[in-house]
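The values are calculated or read from the model by the stated rules, or taken from the named source; none is laboratory data. Because the structure is a prediction, the values reported are computed rather than measured. Here the Cβ positions follow ideal geometry from the backbone for every residue, glycine too, while neighbour counts run over all protein chains shown. For the accessible areas, the whole protein counts, side chains as well, though only heavy atoms, and no ligand, DNA or RNA atoms are used. Shrake-Rupley method; radii C 1.70, N 1.55, O 1.52, S 1.80 Å.
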Amino acid sequence: MQSSTTLSSEPAALEILESGTRLGGTNRRYERRVADLEGIYSDFEAFNQYSASHGEELAYSVDESRIDDGAGALIVGLSVLLPGLIGTEYAMTRGHLHVKSDRAELYVCVAGRGILVMDDLEGHMRMVELTPGRAVHVPGGWIHRSVNVGDEPFSTVFCYAADAGQDYEIVRRARGMQMLVVTDGRGGWTTVANDGHVGYQRLT
Ligand SMILES: [Fe+2]
């Protein structure tokens, strides 16, 4: 099978730039605004209030290197999640399971402080705190989300299979992941159970 003809198969030299907030040598960038994250925070009212005045502001950005899309190809990039609180919850990404759910992923923290929150479909949950130099190897089968618990951008270099795909709907249908990462009121973070969580269901 022929892979995409629009992508180069030349090796890419990548460089972490601007204090870990940009990745040079990539060929794709996308950004999510605050308003794009509607529905992920448990305090809808706090989100709506914040989004009304900050909806167009950047929430997170991704610089990606996609060279090929065939079997065995990788997507390598840098994710930058800006800090903040919505209600009591720290700023986070939507969270997803890979469509090909056996596909693993590596996250290496290069700036800031955050948490990789992971749930499997059987009710297990894991969290790994990341600071520069720390990494987490997420095996297949784990829903994963980044949370910024610091006051600086939280940046991770990631790497996963190009054919993995992202299923965000599984988290939306479950009304969020099992645990919320919230402020402890003293400048730190803690977790509380997400009372709205209704369990994960795969449609396929
Ligand atoms: Fe992923």
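Kindly provide the chymotrypsin sites (Phe, Trp or Tyr not before Pro) of region 133-204 that DSSP labels as loop, not H, G, I, E or B, and whose Cβ sees at most 15 other Cβ atoms within 10 Å.
Those satisfying the criteria are Tyr168.
How about region 163-204: which trypsin sites (Lys or Arg not before Pro) there are in a DSSP loop, with at most 12 other Cβ atoms within 10 Å of their Cβ?
Arg186, Arg202
On alpha carbon coordinates alone, what is the Rg over Rh value for region 34-119, Rh being the Kirkwood radius?
For region 34-119, the value is 1.01.
Please give, to one decimal in nm, the separation of the simple spin-label points placed at Thr183 and Asn27, each 7 Å out from Cα toward the Cβ.
4.3 nm
Given the options Ile86, Val157, Phe44, identify the residue whose Cα lies farthest towards the positive end of the charge dipole of the chain (+1 on Cβ of Lys, Arg; -1 on Cβ of Asp, Glu).
With unit charges placed on the Cβ atoms, the residue in question is Val157.
Could you state the orientation-averaged shadow area of the convex hull built on the Cα atoms of region 131-202, in nm² to one decimal?
6.3 nm²
Per q in 0.14, 0.19 Å⁻¹, report the Debye log10 I(q)/I(0) for the chain, using one uniform scatterer on each alpha carbon and no solvent.
These q points yield log10 I(q)/I(0) values of -0.84, -1.49.
Using alpha carbons only, how many degrees (0 to 90, rounded to 10) separate the axis of helix 44-54 from the longest principal axis of the chain?
Taking the Cα atoms of the chain, the angle to 44-54 is about 60 degrees.
Not counting the cut sites, what is the longest span of the chain without GluC sites (Glu not before Pro) that DSSP labels loop and that have at most 15 other Cβ atoms within 10 Å?
Values: sites that count: Glu38, Glu56, Glu57, Glu122.
The longest uninterrupted stretch comes out as 123-204.
Explain nothing, just the number: relative contact order of region 13-128, from Cα pairs under 8 Å at least 6 residues apart, as a whole percent.
22 percent
Counting helices only, and only those DSSP H runs with n ≥ 4, report the 222 nm mean residue ellipticity of the chain as the sum of -39,500 (n - 2.57) divided by its residues, in deg cm²/dmol to the nearest 500. Please list the in-between numbers first.
Details: 2 runs with 16 residues, N = 204.
Helix-only estimate at 222 nm: -2000 deg cm²/dmol.
If you roll a 1.4 Å probe over the heavy atoms of the protein chains, what accessible area per residue do you get for the chain, in Å²? Don't skip to the end; give the middle numbers.
Numbers: 10570 Å² over 204 residues.
In whole numbers, the chain has 52 Å² accessible per residue.
Tell me the Kirkwood hydrodynamic radius of region 95-165 in angstroms, computed as one over the mean inverse distance between distinct C-alpha pairs.
Result for region 95-165 stands at 12.2 Å.
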